[in-house]
């Protein structure tokens, strides 16, 4: 490692992921037209915007993608993952089992469907890092 590498601070993109849970099931969406993992199932997720806390970003993303409102006090931190190889992203995962509204696919241009899956019956066609996180949760 060079001296420049030792003093250079790491920067990362931060993503938030919602594990919406009800009756032993979790909600996943099938990605499409995004350029990343299209055709695979993934948790509701998105990038943190400037000035947001991870919980504020989670609440916003779930509202934008599914049209439901999470109460910030009802989400539980569940897992964090740093994907150092490749993107250098930091991924935060939260479980929520209380929200207002019925989840609907509000981004059909990015998501072809949303489906409830049992914890022990998750699809094989999942974004790999999300499946690894769920296994840890």
Segment residue 7-residue 73, length gained on full extension (0.36 nm per residue, minus Cα span): 20.0 nm
Additional length obtainable on full extension of the chain from residue 128 to residue 109, 0.36 nm per residue less Cα span: 4.6 nm
Inter-site label distance for residue 89 and residue 137 at 7 Å from Cα along Cβ, in nm: 1.5
Spread of Cα-to-Cα distances over 5 Å intervals beginning at zero, given as percent, for the stretch 3-136: 2, 10, 19, 24, 21, 13, 5, 3, 2, 1, 0
Within the chain, helix-based [θ] at 222 nm, where runs of 4 or more DSSP H residues each add -39,500 (n - 2.57), nearest 500: -5500 deg cm²/dmol
Relative contact order (percent, whole number), the stretch 3-136, Cα cutoff 8 Å, 6+ residue spacing: 32
Exposure proxy ranking, count of Cβ atoms within 10 Å, fewest first, for 117, 93: 117, 93
Fraction of antiparallel bridges per DSSP, the chain only, in percent to nearest 5: 75
Least to most buried among 79, 71 (fewest other Cβ within 10 Å first): 71, 79
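The numbers here are math on the coordinates, done by the rules we state, and not lab data. Keep in mind it's a predicted model, so treat the numbers as computed, not measured. Please note: Cβ atoms are built from the backbone with ideal geometry, for glycine as well, and neighbour counts cover all protein chains shown.
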